[in-house]
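Worksheet: the structure to be examined is printed underneath.
Any read-out appearing in this document is the output of simple, stated calculations on the displayed coordinates, not a laboratory observation. For clarity, every value in this text was computed on a predicted model and none was experimentally measured. Using ideal geometry, Cβ is built from the backbone for each residue, glycine included, and neighbour counts are taken over all protein chains shown.
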Amino acid sequence: MNTSTSLLPPSRKPPLTFGQLMIFYIIIASIPFIYSVTQGLENRGIYETILVYLNISVFAALLAQYPLAGRINAVTQVTGLDNGMHLHRKAGEWIAIYFFIHPFLIILPRIWNSPMRWKGDLWDSFIASESSTGVYAWIVMAIWVLMSVYRTKLKISYEAWRISHGIGLVGVAILGTHHAITVGRHGRYEAWFDIMWAVLCTIAVAIVCYTYFVRPALQKKQPFKLVSSKKIADNDWEVTIEKDGDFDFNFDAGQFLWLNTSGNAYDRSEHPFSIASSPTSLPQISFIIRELGDFTSNLDKLKPGQRVYVDGPHGVFTLNGRQASGIALIAGGAGIGPNLGILRQIRDLGESRPVRMVYGNRRMSQMCNQDEIKAIEKDLPDFKQHLALETPEPGVDAHIGYLDKEFLGSLFDEEKRNGWIFYICGPPIMVDAVTEHLRALKVPEKQILFEQLSFD
Ligand SMILES: Cc1cc2nc3c(=O)[nH]c(=O)nc-3n(C[C@H](O)[C@H](O)[C@H](O)COP(=O)(O)OP(=O)(O)OC[C@H]3O[C@@H](n4cnc5c(N)ncnc54)[C@H](O)[C@@H]3O)c2cc1C
């Protein structure tokens, strides 16, 4: 038996962890403030200094949201796309809160000095002509946040929300930059400081333009076509696409693509799906897709031969360059997609180290590719699949219940917990729970990799 701990030829460095990324983001957002200090920012007391720090840094953090969420490969390889999206959302909430209280914090000292006049002071600040772009930015932000919070209640489709999100961001960036340059009192001291805001805003807007216009143009040059879309289990479909042209396209098993099946590369209705095939399947690529909403419940309407545009590959849920003495693939529902892709790659590589797949679903009829997985059990020297169902079914050998700590603990003894790598994929609630169980079982953090099937 091969006891080597290397798995595949080493390639990319793993991205930053979420914690590292957050610290990096805070440092980047703080740079303009540090710059303002070097430019002779006036010292007007502790309250004003903190306020100026927050005003400058929060606005810089807003502008830094664009590269963070812009799906630019050079950036996502460092940030990790899911970490970046997660931080984008979390930081976005804090930025929105700060945006709302910003005008009140500005007039707070005046309220303090003359409490009876606060309403008048606030109103005067709002209607002052020099504040107008700040007020417009504030209103756009308010509409944008309300749309995000009440998207489901207002029945706004995900696609419409994404488009408005992009336009809203551009509006807030331009209006906010104008406000920072004309009203932000630091901006009055140094022309270079204004130029910095203008450059950061231009980069942010350029990223949105890249997303909406340049990337689709590039995708048009690398088209794919649909090979098939067929139901393979109770709620799951296997969708296969194929390269339609002579261009280079590579991926690692476990990565994901954004698929656009509208026939128009500029249409923003694209959805992320994990690749369920091994790189050896190229020029074909397959996905396992679970019915959920508008797009995924209409997969029967896809026609073989139709045009498909892809963005990617993205993600670091891969074997690449990772060391481990064994591999655990843990899938919940549609999370089988990338785990099956990795398993297929392991089979193609003739990997001889121990591999375990843990696959949970409500019912047996939701389990995908069982014949193939059983065949791989025979092909690989040390591979076994463990099924988990919510309720018992006659003749099915499965754990009954969730993928809980006891069940996982029974499958992975201390030696495995110390030396194996754990790949977890599924809906966020399942990924969170399994990750917590593995942490409680003392699996080291760096050996836990996960992909949540949602950026929400
Ligand atoms: C990295 C990643 C990999 C994924 N891999 C798979 C997979 O292999 N198999 C699978 O079945 N599902 C996968 N998903 C989930 C899949 O993208 C959604 O189920 C699908 O987009 C839902 O679209 P809908 O129109 O059917 O549903 P809707 O009702 O429109 O959306 C339901 C939810 O899906 C998410 N969603 C919808 N559209 C998008 C979008 N354009 N971008 C991001 N999230 C969106 C949102 O959370 C939304 O609230 C993955 C998601 C992510 C983030």
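One chain, two ends: Ala375 and Leu349. Fully extended at 0.36 nm per residue, the span grows by 7.8 nm beyond their Cα-Cα distance.
Divide the volume of the convex hull around the Cα atoms of the stretch 334-380 by the residue count and you get 70 Å³ per residue.
Given a cut-off of 30 Å, name the pairs among Lys155/Lys243; Lys153/Lys301; Lys374/Lys405 whose C-alpha atoms lie farther apart than that in the structure shown. Cα-Cα > 30 Å for Lys155/Lys243; rest within. Beta bridges assigned by DSSP with both partners in the chain are antiparallel in approximately 50 percent of cases. Summing Cβ point charges (Lys, Arg +1; Asp, Glu -1) relative to the Cα centre of the stretch 149-244 gives a dipole of roughly 200 debye. When every Cα-Cα distance of the stretch 43-87 is counted in 5 angstrom steps from zero, the calculated P(r) takes the values 5, 22, 20, 14, 11, 10, 8, 7, 2 percent.
Along the axis of the charge dipole computed for the chain (Cβ charges of +1 for Lys and Arg, -1 for Asp and Glu, origin at the Cα centre), the listed residues Gln452, Pro103, Cys209 are led at the positive end by Pro103.
Between Ser365 and Thr182, the simple label model (points 7 Å from Cα in the Cβ direction) yields a spacing of 6.4 nm. Counting only DSSP H runs of at least 4 residues, each contributing -39500 (n - 2.57), and dividing by the residue count of the chain, the helix-based mean residue ellipticity at 222 nm comes to -15500 deg cm²/dmol. Taken over the stretch 33-138, the alpha-carbon convex hull comes to 130 cubic angstrom per residue.
Here is the P(r) of the stretch 193-268: all C-alpha pair distances, binned every 10 Å from 0, give 14, 33, 28, 15, 7, 2 in whole percents.
Around the amide H of Gln385, modelled in the peptide plane, lie the amide H atoms of Met357, all under 5 Å away and 5 or more residues distant in sequence or on another chain. Ordering Ile288, Val443, Gly305 by Cα displacement along the dipole of the chain toward the positive end leaves Gly305 in first place; charges were set at the Cβ atoms of Lys, Arg (+1) and Asp, Glu (-1).
Selection among Ser278, Leu81, Ser228 by position relative to the dipole of the chain gives Leu81 as farthest towards the positive end (Cβ unit charges, Cα centre).
Computed from point charges on the beta carbon alone (+1 for Lys and Arg, -1 for Asp and Glu), the dipole magnitude for the stretch 20-176 about its Cα centre is near 460 Debye. Considered as an equivalent ellipsoid built on the Cα gyration tensor, the stretch 140-224 has semi-axes of 30, 22, 5 Å, the largest given first.
Rg ratio for the stretch 213-358: its Cα radius of gyration over 2.2 N^0.38 Å, N being its residue count, equals 1.06. Hydrodynamic radius of the stretch 300-456 by the Kirkwood approach over all distinct alpha-carbon pairs: 16.4 Å. Above 24 Å, the calculated P(r) of the stretch 18-218 contains 44 percent of its Cα-Cα pairs. Packing around the peptides 400-408, 341-349, taken as the average count of other Cβ atoms within 10 Å per residue, puts them in this order, highest first: 341-349, 400-408. Counting only Cα atoms, the size of the chain along its three principal axes is 79, 50, 41 Å, in decreasing order. Would you work out the charge dipole size for the chain about its Cα centre, treating the Cβ of every Lys and Arg as +1 and the Cβ of every Asp and Glu as -1, and quote it to the nearest 20 debye? Rounded to the nearest 20 debye, it is 640 debye. Using the Karplus relation 6.51 cos²θ - 1.76 cosθ + 1.60 with θ = phi - 60°, the per-residue 3J(HN,Hα) values for the stretch 176-183 come to x, 5, 4, 4, 5, 6, 8, 10 Hz, with x marking Gly and Pro. Scalar couplings 3J(HN,Hα) for the stretch 84-91, obtained by applying the Karplus form with A = 6.51, B = -1.76, C = 1.60 to θ = phi - 60°, are x, 5, 5, 5, 3, 6, 5, 5 Hz; x denotes Gly and Pro.
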